[in-house]
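**Q** Pasting in a structure now, in structure tokens, and then I'll have a few things to ask.
Bear in mind these aren't lab numbers, they're just calculated from the coordinates by the rules spelled out. Computed from a prediction, not measured in an experiment: that's the story for all the values here. Cβ: placed from backbone, ideal geometry, glycine included. Neighbour counts: every protein chain shown.
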Amino acid sequence: MIKATAEAWVAKGSIEAALLAHHGLTGPDSIMEGKAGWANSVAGAVDLTILTAPVEQWRLMRTSIKPYAAVATAMAPVQAAIDLHRDEHVRADAIAAVTVQLPAFALGTPSADPDRRYPATRGSADHSFIYCTAVALMFGRCMEAEFADAVRTAPELRELLAKVELVEDPALSRRWPDAAGGGVEVVLNDGRHLSRRYVAPPGHPTNMPDFDAATGKFMSLAAPVIGDTKATEVVRHVCNLDDAKTLAPLMACVAV
């Protein structure tokens, strides 16, 4: 999936630009605001004063992170489903119906497409509200293992997928785009109703995971690729970046 390389390409381009500038490569001074600059040629209408406005708060501090291996707007319902699995010990075969509550914006995205109820690929599965919520309910997780071919095609999961419905929650719609909240309501075969809801999803600046949770996700993804020792060293180097004289030791750890 080329989308999975987007951040890496941005970082690559930024580093190349900095290195080229360091070695003396120059370019037009008005590349943004000039007559043939980006603003007029590409964007159309741009408020360029924002680029030079005083920084009141670093945007990095308002960045959301994803604790689960799914589309960003699924974080809240996924967490709600995990909570139900963990706290209420919900079993898939005891579920009669599942309602996933989302802001209107989310319902207009491809992740709400009915064709993704039974995703044929990993890429369509992790961008499916129905699928991600269902596996979180069934397994109490939504990470790499939950998108394996054997899981996607399991009869018991497909039975649960058929019971999931997506609906708008007007209160969550009013909160967008400040937060992509979501909730899950489960109706059990015995008639009981269980629900969980997050106005601000996990990973939102107001609902950040603690250090152990964030590190745990990193280790679960990195260790199988670079090994436990190198992954642990990456965490140590990142925690001490302020005192680092060079990034060479960190880069050595992530090299495969």
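**Q** For Lys217, Lys3, what ranking results if the residue with the fewest other Cβ atoms within 10 Å of its Cβ goes first?
**A** With the fewest neighbours first, Lys217, Lys3 line up as Lys3, Lys217.
**Q** Ok, one more. I want to make sure I understand the PRE zone here: with the label point 7 angstrom from the Cα of Thr206 toward its beta carbon, which residues in segment 94-120 have backbone N atoms less than 20 Å away?
**A** Within reach of a label on Thr206, which here means backbone N under 20 Å from a point 7 Å along Cα→Cβ, segment 94-120 contributes 101-106.
**Q** Same structure, new question: Could you please rank Ile82, Ile2, placing first whichever residue has the fewest other Cβ atoms within 10 Å of its Cβ?
**A** Final ranking by Cβ density, sparse to dense: Ile2, Ile82.
**Q** Going from the alpha-carbon gyration tensor of segment 148-256, what semi-axes, largest first and in whole Å, does one get by taking the root of 5 times each eigenvalue?
**A** One finds semi-axes of 39, 22, 11 Å for segment 148-256.
**Q** A further question on this structure: Relative contact order for segment 72-198: what percent, with Cα pairs under 8 Å and sequence separation of 6 or more?
**A** For segment 72-198, the relative contact order is 42 percent.
**Q** Could you tell me the ratio Rg/Rh of segment 211-254? Both radii from Cα atoms, Rh via Kirkwood.
**A** Ratio of gyration radius to Kirkwood radius: 0.98.
**Q** Here's another thing I want to ask about it. Under a Cβ-only charge scheme (Lys and Arg +1, Asp and Glu -1), can you give me the dipole magnitude of segment 83-223 about the Cα centre, in debye to the nearest 20?
**A** Dipole of segment 83-223, to the nearest 20 debye: 100 debye.
**Q** Evaluate the Debye formula for segment 72-198 with equal point scatterers sitting on the alpha carbons, no solvent, and hand back log10 of I(q)/I(0) at q = 0.16, 0.22 Å⁻¹, in q order, two decimals.
**A** Debye intensities relative to I(0), on a log10 scale: -0.69, -1.31.
**Q** Cross-link candidates for Lys12: which lysines have Cα within less than 20 Å, leaving aside residues fewer than 8 places away along the same chain?
**A** Counting by Cα, and skipping residues close in sequence, Lys12 has these lysines nearby: Lys3.
**Q** To continue, here is another question. What number, in percent, do you get for the relative contact order of the chain if the mean sequence gap of Cα pairs under 8 Å and at least 6 apart is divided by its residue count?
**A** Reported as a whole number, the value is 21 percent.
**Q** Mind grabbing the base-10 log of I(q)/I(0) for the chain at q = 0.09, 0.13 Å⁻¹? Debye formula, identical points on the C-alpha positions, no solvent, two decimal places.
**A** Taking Cα atoms of the chain as identical point scatterers yields -0.54, -0.99.
**Q** A follow-up question, please. Of Leu221, Leu241, Phe211, which is farthest towards the positive pole of segment 211-254's charge dipole, taken about the Cα centre with +1 and -1 on the beta-carbons of Lys, Arg and Asp, Glu respectively?
**A** Projecting each Cα onto the dipole axis, the largest value belongs to Leu221.
**Q** Could you tell me the calculated FRET efficiency between Lys245 and Ala43, based on Cβ-Cβ distance and R0 = 45 angstrom, to the nearest 0.05?
**A** 0.70
**Q** So, one more: Among Phe105, Phe129, rank each residue by its count of other Cβ atoms within 10 Å, from fewest to most, as a rough exposure measure.
**A** Phe105, Phe129
**Q** Quick one: give the max-minus-min coordinate of the C-alpha atoms of segment 99-163 along each principal axis, largest first, in Å.
**A** Largest first, segment 99-163 extends 32, 21, 20 Å along its Cα principal axes.
**Q** Based on Cβ point charges of +1 for Lys and Arg and -1 for Asp and Glu, what charge dipole magnitude is obtained for the chain about its Cα centre, in debye rounded to the nearest 20?
**A** Once rounded to the nearest 20, the dipole reads 160 debye.
**Q** Which of Ala112, Ala150, Thr133 sits farthest toward the positive end of the charge dipole of segment 1-154, with +1 on the Cβ of Lys and Arg and -1 on the Cβ of Asp and Glu?
**A** Farthest towards the positive pole: Ala150.
**Q** Sticking with this structure for a sec: Which value, in debye to the nearest 20, describes the size of the charge dipole of segment 1-83 about its Cα centre when Lys and Arg Cβ atoms bear +1, Asp and Glu Cβ atoms bear -1, and nothing else is charged?
**A** 200
**Q** Would you please calculate the Kirkwood hydrodynamic radius of segment 1-134 over all C-alpha pairs and express it in Å, rounded to one decimal?
**A** The Cα-based Kirkwood calculation yields 19.3 Å.
**Q** Let me ask something else about it. So between Trp58 and Ala36, what do we pick up on full extension, going 0.36 nm a residue minus the alpha carbon distance?
**A** Net length gain for the segment: 4.9 nm.
**Q** Shape of segment 20-73 from its Cα gyration tensor (a ≥ b ≥ c, root eigenvalues): rounded if a/c is under 1.5, otherwise prolate when a/b > b/c, or oblate?
**A** prolate
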